[in-house]
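Visitor: Mind looking over this structure? Questions follow.
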Amino acid sequence: MTTPSSASSFSVVFIIVVELFVVNSQQFLLSERNTLLNLRQQWRNPVSLTHWNASSSSCGWPEITCNTDGSNAFVGRLPDDIDRLSRIEYVDLGANNFTGDIPTAIGNLSSLMYLQLYQNLFDGLIPSEIGNLSNLLILGLAYNGFASPEIPPEFGKLRNLKKLWMPGSNLIGKIPESFGDLSDLELLDLSSNKLEGEIPSGLFLLKNLSNLYLYKNNLSGEIPSVIESVNLTEIDISMNKITGSIPEDFGKLQQLEVLNLFSNQLSGSILPSISQIPALRIFRLFRNNLTGELPSEIGLHSKLEAFEVSENKLTGKLPENLCGGGTLSVVVAFSNNLTGEIPRSLQTCDKLHTIQLYDNSFTGEFPSGIWSLSNLTSLRIAGNYLSGELPTSIPWSLSRLEISDNKFSGRIPEAISLWTKLNVFKASNNLLSGEIPTGFTSLSLLSVVYLDGNSLSGTLPVRIRSWNSLTTLNLARNNLSGEIPVSITSLPNLLELDLSENQLSGKIPTQLSRLRLTSLNLSSNNLTGRIPYAFDNLAYENSFLNNPELCSSTPIPNLQNCHADYTKSPHSHKFSPKIIAMIVVSSAFISLVTILCTLFMFRGYLKKKQKLDLTTWKLTSFHTLKFTEANILCCLTDNNLIGSGGSGKVYQIEIGRVGEYVAVKRIWTTRKMDHTLEKEFLSEVQILGSIRHSNIVKLLCCFSSEDSKLLVYEYMENQSLDKWLHGKKMKTNQYAYSTTITDRVDVYSFGVVLLELVTGKEPHEGDVDMNLAEWTWKHFSEGNSMVEALDPEIKQASCYMEEISLVFKLGLICTSTLPSSRPSMKEVLEILRRCDDPLSEERKVGEDIDVTPLLRRESYLSNYRHGGNKVANQSIDIFDGRL
């Protein structure tokens, strides 16, 4: 790919670029050099271009700059006099940075057949003059930010148009009725916009229409009942507000391969005629109000790949011939009223990788052959009346097994140690019995275990081998006995532990305090002794109920107090020598503490006096305040401390009426701030104070003195993002002002969050002297695989790998060290919006969207402007396919 390095005006540059794409299809088969030589000839061989010849490489010509990634990054506006290119036939300026309006003069290019302006930054109106391009065959205006972007009804005059591509362009209003006049139209994509109103009936009368994409809009009304577009191969009207029933005429679409009508408000039954369509591959009608029974012959007459009808009100049996074509990979029918047995025919469906039939009323024994399907990754059949036993072996790829609320019985097999890919195992409320095999604890990828409500017996495994990824362990309501093994306290990621309603005995291991538990329940057992110090408070008052021999040192309801043994004989009136020695030591210790406390109180009084000297503090307010300086300064005490870090402390201070709080962060320095640093601090605080967003905590005001700063925020109960990502208590380190606050810093911070999500690491966790972003860049600059850097908890989510890869790439480019090479938050949001997946595991995202050019052009633009920046070059390598 070649681009001009300089030109006398933007118009000239534009002409050169466009004419490289002109001429006919034969010229596109020529090399880039021959294309340029043909261009020189069209310009009548100017003397200034005599060095353009067949004996030298075009990359050596001074007017040409070559790059290797195949993308451009043009900026600016299109020239208003674009109609000078009167004979141009082909224009492709997609994936650039053009801004402003599309010139109305473009409607004068009467020879134009191909116009691609997708993925730019156009923010003006869509010119209705495009409707004058009577020879136009292809029109692509996707992924722009048009202002008041209604579709011009004049587009209906494009009678020769074959493909109209306008997804993600913020379109509003209705689909023009004039689209029914586009008689040659083959593809129409208006997805991911804000269109409303009914679908024009004329669309389904277009005889040549093969692909119709209207998903993710606000369309309403019913689907037109008369359908004559018999060449339709793909229909996607999902994620709208469509009502009514599925038209009978859908049965006439014998070439239909993909039917996506999910996430609407459709009612009525599924037509038997649809099951007769021989080409049908993808059938997605989930999340509607459909009733009645499923067509019995669906899958019998076509090579069905995906069958998804969950979250409806369907009754009857699951069709026996779903896998009649031998190609079925996904069966999703959860949350219906389906009955009967699960079809035995699924046992021979080798390509099946996802089965989700939970929350129905299926009965009978679960087909044992399904356990042997080699590609099965997710089996979710909870909430039925199924019976059977757990198998000795499962598919190597199975990562999610959910069979809760059924009638499965028997023992957990010893061979469970071979279920090495298992990540989630939910088998609550069944009839499982016997002991928990020791080999169960060797599953290193296991993160969630629910075995509560069974009849398991015996002791817990004394040795826990490899549960390093386990976050949730629920063994409640069984018949387990013995002591709680100390080894359970070594699980590094355990957050939820429920061993209630068993017959466990002995003391609670004090080492349990090591865990970062967010939920603990040991109620209704036979535990004895003192509860560990870390849990001896009211926060855990419901964690130890119905253990008569347990005691606590603090008043906790339903637990007895622990009493000290003062003498060896309960009738003796004399203290033992041991007790006397303890009393002496304690008295000395209390005396020392009293002296120290007096000193600290005196020092605190001096500090408080200084704090209350309002003349030493300067107030900067950003909102109407319900408190005064004195309300804040007098309460900066350890009693109100809720967090601390390397740069300061955080206090929770009550203001106004009871229960209303603010959070105050105190940032201190070891010396007085110089004038420049002070000015920068105040400037950045002004920026933070001006932000108004529902998802961003408000900065109410700030106080500044010679040696410290106070930032006063609204108090948020749910603590910090770090706590929810990593399960830790709030910490403060979230305020060292080491860089100027800009929108690109915002992008960088968001990129770090994305990297935290996919790697499981904290921002400061990288390598020696490296943070997370630096470590991730180094990881890939050395040619390492993305999978090696992933959080173990998500490594096995193979059906999500495309989304994981996209988030990982996005995190990398957002944390580029050169701010200008980072995308804007608008672009980041658009990329993530296109990843919106309404069906968690089953629906591949990004099949029709290539975000790589958008990300690559940001890196290339930085490289082009700054002369080969190393990070930008790394970005190009990454998005060229290394991931």
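Just so it is clear, none of the values below were taken in a lab; they were calculated from the coordinates. These numbers come from a predicted model, not from an experiment. When we count neighbours, we look across all protein chains shown, and the Cβ atoms used for this are built from the backbone with ideal geometry, even at glycine.
Visitor: Using C-alpha positions alone, give me the convex hull volume of the stretch 132-200 per residue in cubic angstrom.
Guide: Considering the Cα atoms of the stretch 132-200, their hull volume per residue is 77 Å³.
Visitor: Treat every Asp and Glu Cβ in the stretch 447-531 as -1 and every Lys and Arg Cβ as +1, leave all other atoms uncharged, and give the resulting dipole magnitude about the Cα centre to the nearest 20 debye.
Guide: 300
Visitor: When only C-alpha pairs under 8 Å and at least 6 residues apart count, what is the relative contact order of the stretch 506-557, in percent?
Guide: Result for the stretch 506-557 is 40 percent.
Visitor: On to the next question. By how many nm would the segment from Val230 to Asn526 lengthen if fully extended, with 0.36 nm per residue of separation less the alpha-carbon distance?
Guide: Full extension from Val230 to Asn526 adds 99.4 nm.
Visitor: Also, quick follow-up: First select every other residue whose beta carbon is under 15 angstrom from the beta carbon of Thr472; then total the charges, Lys and Arg +1, Asp and Glu -1. Let's see the in-between values first.
Guide: Working: positive: Arg400, Lys426, Arg516; negative: Glu402, Asp452, Glu496, Asp498, Glu793.
Spelling it out: positives minus negatives among the neighbours equals -2.
Visitor: While we're on this one: Using the Cα centre of the stretch 407-565 as origin and beta-carbon charges of +1 (Lys, Arg) and -1 (Asp, Glu), tell me which of Val462, Asn561, Pro509 is placed farthest towards the positive end of the dipole.
Guide: Farthest along the dipole direction, towards plus: Val462.
Visitor: Sticking with this structure for a sec: Taking 0.36 nm per residue of separation and subtracting the Cα-Cα distance, what length does fully extending Ser267 through Arg411 add?
Guide: Extending this stretch completely gives an extra 47.4 nm.
Visitor: Can you compute the FRET efficiency between Thr620 and Gln560 using 1/(1 + (r/R0)^6), with r the Cβ-Cβ distance and R0 = 60 Å? Round to the nearest 0.05.
Guide: Working from the Cβ atoms, E equals 0.65.
Visitor: Ser481 versus Asn639, label points 7 Å from Cα toward the beta carbon: distance in nm?
Guide: Going by the 7 Å Cα→Cβ label model, 5.2 nm.
Visitor: Also, quick follow-up: With both partners inside the stretch 290-446, how many of the DSSP beta bridges are antiparallel, as a percent to the nearest 5?
Guide: Given both bridge residues lie in the stretch 290-446, the antiparallel proportion sits at roughly 0 percent.
Visitor: Something else about it: Report, as a whole number in µm² per second, the diffusion coefficient that Stokes-Einstein gives for the stretch 53-181 at 20 °C and 1.002 mPa s using the Kirkwood radius over alpha carbon pairs.
Guide: For the chosen part, D equals 135 µm²/s.
Visitor: Choose one of Gly340, Leu290, Leu271: the residue whose Cα lies farthest towards the positive end of the charge dipole of the stretch 234-343 (beta-carbon charges +1 Lys, Arg; -1 Asp, Glu; about the Cα centre).
Guide: Leu290
Visitor: How big is the dipole moment of the stretch 399-439 about its Cα centre under a simple scheme where the beta carbon of each Lys and Arg is +1, that of each Asp and Glu is -1, and everything else is neutral? Debye, nearest 20, please.
Guide: So the dipole magnitude of the stretch 399-439 works out to roughly 120 debye.
Visitor: As a quick test, which of the pairs Lys421/Lys778; Lys507/Lys761; Lys426/Lys698 have an alpha carbon distance above 32 angstrom in this structure?
Guide: Too far apart for the 32 Å limit: Lys507/Lys761; Lys426/Lys698.
Visitor: What FRET efficiency would be calculated for the residue pair Ile590, Ser148, taking the C-beta separation as r and a Förster radius of 60 Å, to the nearest 0.05?
Guide: Numbers: r = 76 Å, r/R0 = 1.27.
According to the calculation, E is roughly 0.20.
Visitor: Let me know the Rg and Dmax you get for the stretch 407-565 when you use only its Cα atoms, in Å.
Guide: Every Cα atom of the stretch 407-565 included, Rg and Dmax give 15.7, 52 Å.
Visitor: Could you sort out which of Lys174/Lys241; Lys163/Lys207; Lys241/Lys809; Lys194/Lys303 sit more than 23 Å apart by Cα distance in this structure?
Guide: Lys241/Lys809; Lys194/Lys303
Visitor: If r is the Cβ-Cβ distance from Gln42 to Asp184 and R0 is 35 Å, what FRET efficiency results, to the nearest 0.05?
Guide: Calculated value: 0.70.
Visitor: Assigning unit charges at the beta carbon (Lys, Arg +1; Asp, Glu -1) and nothing else, what dipole magnitude in debye, to the nearest 20, does the stretch 407-565 show about its Cα centre?
Guide: Dipole about the Cα centre, nearest 20: 520 debye.
Visitor: Hey, another quick one. Once fully extended, how much extra length lies between Thr315 and Arg77, figured as 0.36 nm per residue of separation less the alpha-carbon to alpha-carbon distance?
Guide: 79.9 nm is the gain from fully extending Thr315 to Arg77.
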